[in-house]
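The values are calculated or read from the model by the stated rules, or taken from the named source; none is laboratory data. Since the model is a prediction, treat every value here as computed from it, not as a measurement. Heads up, the Cβs are rebuilt from the backbone with ideal geometry, glycines too, and the neighbour counts pull from every protein chain shown.
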């Protein structure tokens, strides 16, 4: 199976600007932060622009909140940008600007969890380590005949992961599985006839498909989730010449309609505190001016 999957990946693996035969650890770090809850097509467009602005770990570590938020445009979840900058700052101050190879050292950095730490070690440094994201976990469960993901415990998945990946080929193996999960072995669709793993999969052509979960109602205003409004407010500030605005003008500009007392209360009590908590904006109550955080 190893030869089959690695050969498939060499011929059919997806091509992204952050995938190289000898990847730069800094590039891997950037891409892994971007890949958290953002589509690969959008990242492929923004990734080169971001690297042109911050070509190395030192330049990123020195970025102001305003600079990093502006550079993150189009990638969503703006607080991730600040965590990435904070991570770069920690690497410069604690590790002399070199991204650690040690798993536990990586875990100590802002915004890096078990998956990201193992991904950096595998993809950036070629270390022998298992990498498990939600797609790989689903594939491993199905390979073992558990087409319902929750039927195979995390501990069993981790044990299987350690046994199955080919030593010396961790990077290629795990990226191949990610591509297979994205294209064939999906949560809500199993294209077994096209999947290169079909001959080795105990669930092939007999996969229990997860029903899409009914989304819970999110905190909203005017029938639009607050998280969308927060993104629109940052986008509005990005598009102003000085990256700041009178709060009333900002609210009218974002809502696109006349505002009333309910809008103002919602904005002041819900949206502004949330953006301040994420360090995305500065609000000067004496002048009523809101700006992208410095």
Report task. Confirm whether residue 160 is touching a helix residue (DSSP H, G or I) at 6+ places or on another chain (Cβ under 6 Å), part of a helix (DSSP H, G or I) and assigned by TED's automatic domain parsing to the domain that holds residue 282. Result -> no
Report task. Answer with yes or no whether residue 77 is within 19 Å of residue 238 (Cβ to Cβ), within 16 Å of the chain's Cα centre (by Cα) and assigned to a loop (DSSP other than H, G, I, E, B). Result -> yes
Report summary line: Taking segment 173-195 and keeping residues within 27 Å of residue 121 (Cβ to Cβ) and outside any loop (DSSP other than H, G, I, E, B) leaves 173, 174, 175, 176, 177, 178, 179, 180, 181, 182, 183, 185
Query raised in the report: Quick one: in segment 1-22, which of the residues that are in a loop (DSSP other than H, G, I, E, B) and exposed (fewer than 13 other Cβ atoms within 10 Å of the Cβ) is modelled with the lowest pLDDT?
Result: 21
**Report entry** Condition check for residue 96: exposed (fewer than 14 other Cβ atoms within 10 Å of the Cβ) and either at pLDDT below 95 or over 19 Å from the mean Cα position of the chain (by Cα) (or both)
**Finding:** yes
Report task. Name every residue in segment 1-56 that is over 28 Å from residue 194 (Cβ atoms), out of contact with any helix residue (DSSP H, G or I) (no Cβ under 9 Å at 6 or more places or on another chain) and either free of Cβ contacts under 8 Å to residues at least 12 places away in the same chain or in the same structural domain as residue 181 (by TED's automatic domain parsing) (or both), in order of residue number. Result -> 22, 52
Report task. May I ask you to say which residue of 131, 101 is in a loop (DSSP other than H, G, I, E, B) and buried (at least 22 other Cβ atoms within 10 Å of the Cβ)? Result -> 131
Report task. Within segment 216-239, identify whether any single residue is closer than 29 Å to residue 149 by Cβ, at pLDDT below 90 and out of contact with any helix residue (DSSP H, G or I) (no Cβ under 9 Å at 6 or more places or on another chain), and answer yes or no. Result -> yes
Requested in this report: Scan segment 147-154 and give yes if some residue there is touching a helix residue (DSSP H, G or I) at 6+ places or on another chain (Cβ under 8 Å), part of a loop (DSSP other than H, G, I, E, B), closer than 24 Å to residue 24 by Cβ and not assigned by TED's automatic domain parsing to the domain that holds residue 23, otherwise no.
Outcome: no
Requested in this report: Taking the options 107, 177, name whichever one is in contact with a helix residue (DSSP H, G or I) (Cβ under 6 Å, 6 or more places away or on another chain) and outside the structural domain of residue 54 (by TED's automatic domain parsing).
Outcome: 177
Query raised in the report: Going by the structure shown, is residue 180 touching a residue at least 12 places away in the same chain (Cβ under 8 Å) and farther than 19 Å from residue 132 by Cβ?
Result: no
